[in-house]
Structures are given as C-alpha cells and as structure tokens.
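Take a look at the structure below.
Any read-out appearing in this document is the output of simple, stated calculations on the displayed coordinates, not a laboratory observation. Because the structure is predicted, anything quoted here is derived from the model rather than measured. All Cβ positions, even for glycine, are placed from backbone atoms using ideal geometry, and neighbour counts span all protein chains on display.
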Amino acid sequence: MQNPLRLWKLLILTLLFSIMMSAQDIYPGKAAKIESSISAEFPYQSRFINLGKDTIHYVESGKGDPVLLLHGLPASSYLWRNVIPNINADKQVIALDFLGFGKSSFPKDQNVSVEVQYQMLVDFIEAKNLKNITLFIQDIGSLVGMLYTIRHPENVKGVALFEAPFMPPPYFYKQLPGSFKLVMKYTRKSKRAERLYVKWNFVGTIFPNFLSQRKLTKTERAVYAEPFKERERRYVMLGGPDPSQLSFDKGNGNSDFEMLLGEVSRGMKETEKPILFFYAKKGLLNRKDAVLYAREHFKNYQEIFVGKGKHYLTESHPRLMSSAFNSWYESL
C-alpha cells in the first residue's frame, strides 16, 4: 500500500501545477513594462453641449466614423489623453465627461445613476448625429456603453472595453480583490460613505494613485483631483452606481445595481457585436475569473493582455492599447 503522505504531496503538486499552467494561459509571456514618456498634457480644445438642464464637456479629434471614449470612476476624459492622438486616424474620436465628472455639470438633484448617464449618452449621440459608433469604454463608462450596445445594436460597430463589470452579480463579486470588498462593505452605510467620499475626499486625494499601476505625476494627480476640490461635487460618488449593495448578499440579491449587472451580463452574452477585451495582471474589476468568463461567454471576441495594471490601464499602457485597438478596428 502506498504511503498516504506521499499521495497527498503528489496531489498538492498536481494542483499547484494546474494553477500555474492556468495562470500562464491567462497571463501569457513576459508582462509588458509600464510605458515611458507618458504625457500629462491635455492639448485638446474643450467643447460643450447643452442637453436640457445639463452641460456636457467633451473633446473631439479626427474625421471619419465615430469612436466614443467613455471613462470610469472617478476619472474624466483626461484618462484618454494619450490614446486620442494614437487612434484618431480616419476616425472621429470623442471623449466626454459624464455628468458630475470632469468639466460637465452636476445635476442639482445629485442623481447620476447609470440610467441617468445612459440617457445623457443617448441624447449626446442624437444631438451630435453619430452613426455607426465604436465604443472604447471602462468602468461606469462600460456599463453605460454596454447598455447602449444592448439597447441600440443597430448603431454600434464594435465594443472595446477594460475594467468592466460584464459578469452576473455573484460571479462579479466573487472575483473582486479583498481590498475592494472592504471598501464596499465600509461604504454600504450612508454615513460612512459620506465620510469617506465627501469629508475625507478620498476620491480626489487617494484614489488616483491607488487606481494606477504607474505612480502619477504631481500634474496628473492635480487634474484628477480638480473637480473634487468643490465639496458639493464629491457627492457624485453617492448619487451614482452603488456596488456596495453587493456586499450585503455577495451578488445574490435584487438591488438596483444587481438588476443592472444582470441586464448587462445577459445582453453581452447574446450580442454578436465584435468585442475587444483588454486586461491586466491583476486588475481591479477584472481578475483571472473575468478573463475565463469572457472567453466562455462572448461570441465575437478578442483579448489583449497588457501586462501589469490596476484600474487606469491607459495610464500605464496607452500606446500598446492604441495599437491593438487600431488593428482590431481595421478588422471590423
């Protein structure tokens, strides 16, 4: 009879080997280094458009079919500054600021829910008469962009996304890092959330560097922090999507945010639109399980592993991402 201890050692070694091979498959080759000479400049003319009571800030570059760049939390069109000049050949590239972010207005009722941002995007597209759109999206921008893809597929050419919650709520919650789950748990009580986001201004002072793999320069940090110098605008974090709801039931409930993720995940599984997925090691919203989910459930799918990164991938790998986007775009 074989030694039980030896059998256990063999089983553990086999399991570890399997995990290592799986990780290598998800994070192939040598991780790309963080790019050098990333510019802090934002050399684009600010444009504004009035949509009812709201004023939306955006920048525009190039001519051709439109590419909409939609930022996440807590960023602005500034997130795309090193992407815009590298993808604007033969394209009309537009990066906008969502309501309450960047230089766009903040609604008096402080309602900046995903549905409110979605309606703003619909109105913006109609006002600009944008047709045959390609979306390049992240975080809340990905939620809004994916909803537009699902609800208006006739006007979408393709979707490139990163750091995007495209999975069913339980799946999405399970793969989140422990640090993010702690923030969610802390902010699920309104007084704590107000203390963190409004009183302490974590969104303007701590989050930018925390969300970027590359240490941001003083100028870059200042730009990200500028909108939140005004105390009232910090409430944008309390009037928008509330992922902290997931921490009550680990994504198995029926909160507004969970219903939203359900619609998005079902729609993205069904869509035939081309999808380009950028991911990093290790990411914040998209970890290894997100890559496996995308491979299994997306139909017309390509992926790009960019190397090390957190949430603001365009702050670490803008040229790599731009080049991959251009190659993918040409194939549409």
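See the values below:
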{"read-out": "Size of charge dipole - the chain - debye, nearest 20, with Cβ of Lys, Arg +1 and Asp, Glu -1, no other charges", "value": "1400 debye"}
{"read-out": "Residues Asp289, Asp109, Asp242, Asp25, sorted so that the one with the fewest Cβ neighbours within 10 Å comes first", "value": "Asp109, Asp25, Asp289, Asp242"}
{"read-out": "Cα centroid of the range 289-315 to Cα centroid of the range 199-243, whole Å", "value": "25 Å"}
{"read-out": "Translational diffusion coefficient (Stokes-Einstein; Kirkwood radius from C-alpha pairs) of the range 237-332 at 37 °C, 0.692 mPa s, in µm²/s", "value": "216 µm²/s"}
{"read-out": "Residue pairs, from the table Lys189/Lys310; Lys185/Lys218; Lys269/Lys308; Lys174/Lys273; Lys30/Lys91; Lys91/Lys128, whose Cα atoms sit over 22 Å apart", "value": "Lys189/Lys310; Lys185/Lys218; Lys269/Lys308; Lys174/Lys273; Lys30/Lys91"}
{"read-out": "Calculated from backbone phi, Karplus (6.51, -1.76, 1.60) coupling profile of the range 233-239 in Hz, x at Gly/Pro", "value": "6, 5, 5, 4, 6, 9, x"}
{"read-out": "Cα-based Rg / Dmax (Å) for the range 41-330", "value": "17.5, 49"}
{"read-out": "Span-like helix ranges in the chain, DSSP H, alpha carbon extent 15 angstrom or more, Kyte mean at least 0.0", "value": "4-26, 114-128, 140-151"}
{"read-out": "From phi via Karplus (6.51, -1.76, 1.60), per-residue ³J(HN,Hα) for the range 273-285 in Hz, x at Gly/Pro", "value": "5, x, 10, 10, 10, 9, 9, 10, 10, 10, x, 10, 8"}
{"read-out": "Along principal axes, Cα extents of the range 28-81, largest first, whole Å", "value": "50, 27, 23"}
{"read-out": "Cα centroid separation - the range 114-136 against the range 160-193, whole Å", "value": "26 Å"}
{"read-out": "Relative contact order of the chain, defined on C-alpha pairs under 8 angstrom at six or more residues apart (%)", "value": "21 percent"}
{"read-out": "Placed amide H near Lys282: partners under 5 Å, 5+ positions off or other chain", "value": "Gly309"}
